[in-house]
Amino acid sequence: MAIGSTMHTFEVQLADMDRGVYDDFSLRVARHPSETDAYMLTRVLAYGLEFTEGITFGGGISQTDEPAVLVRDLTGQTTAWIEIGAPDAERLHYGSRLAERTVVYTHRDPAKVMAPWADKKIHRSEDIRVYSFDPGFIESAAPLIERRNTMTLTVTEQVLYLDLNGTTLTTAIHEHELG
């Protein structure tokens, strides 16, 4: 944990009907002082939406060779490289070379996030997916974050139903292709 980080806990109930993943888990999230609530919430949502065996948070801003979230198999090999926000093309290229699957979850306008990647060399760019939420969803949910949180994530037909500390919000999960 970085000096000055604030710890947040999330008790998560996940029901992802699209993937057939159902689980309850606890997350301890270190929020760096430079990290916004919107970024942290997107990071937590990405963790839940990608939840599988071997998922973990990356080392944070001090670990530039890791994404915000990653999945490793039993041998320690990175199988999924999961970026948050608006990573640069070089990070996507690196992640795509390293992992079988590379995805980005963004709380920003996906067109503006993807625009700088045009005409850049990105390994297997046609396989990279960018996921975004309805405009205003993250901005409505982020102020609900407390130090201790209860969260229910329900996904069905690419619609996310989020209950965060007793407030329920809904959004479509939008998928965008680079290629």
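The values are calculated or read from the model by the stated rules, or taken from the named source; none is laboratory data. Keep in mind it's a predicted model, so treat the numbers as computed, not measured. Here Cβ is always computed from backbone atoms with ideal geometry, including for glycine, and neighbour counts include all displayed protein chains.
Here are some notes:
- Criterion: exposed (fewer than 12 other Cβ atoms within 10 Å of the Cβ) and hydroxyl-bearing (Ser, Thr, Tyr) - qualifying residue of 9, 75, 42: 75
- When the range 111-154 is filtered for residues that are surrounded by fewer than 20 Cβ atoms within 10 Å (Cβ to Cβ), closer than 23 Å to residue 19 by Cβ and touching a helix residue (DSSP H, G or I) at 6+ places or on another chain (Cβ under 6 Å), only 124 remains.
- Checked against (1) touching a strand residue (DSSP E or B) at 6+ places or on another chain (Cβ under 6 Å); (2) in contact (Cβ under 8 Å) with a residue 24 or more places away in the chain; (3) of a type in the set (Asp, Glu), residue 73 passes all but condition (2).
- Within the range 85-95, the residues that satisfy the criterion of being assigned to a helix (DSSP H, G or I) and within 19 Å of residue 59 (Cβ to Cβ) are 90, 91, 92, 94, 95.
- For the range 1-50, the set of residues classified as of a type outside the set (A, V, I, L, M, F, W, C), in contact with a Ser or Thr (Cβ under 9 Å, 6 or more places away or on another chain), part of a strand (DSSP E or B) and modelled with pLDDT of 95 or more consists of 9, 11, 13, 16, 26, 28, listed by residue number.
- Test: residue in the range 75-84 that is assigned to a strand (DSSP E or B), among the hydroxyl-bearing types (Ser, Thr, Tyr), within 23 Å of residue 29 (Cα to Cα) and in contact with a Phe, Trp or Tyr (Cβ under 7 Å, 6 or more places away or on another chain): no
- Residue count, the range 150-179 (criterion: closer than 29 Å to residue 92 by Cα, of a type in the set (A, V, I, L, M) and more than 16 Å from the chain's Cα centre (by Cα)): 1
- Any hit, the range 104-114, residues being part of a helix (DSSP H, G or I) and in contact with a Pro (Cβ under 9 Å, 6 or more places away or on another chain): yes
- Matching residues in the range 93-112 - criterion: being closer than 18 Å to residue 127 by Cβ and free of Cβ contacts under 8 Å to residues at least 60 places away in the same chain: 93, 94, 95, 96, 97, 98, 99, 100, 101, 102, 103, 104
- Single match in 122, 138 (criterion: part of a loop (DSSP other than H, G, I, E, B) and among the aliphatic types (A, V, I, L, M)): 122
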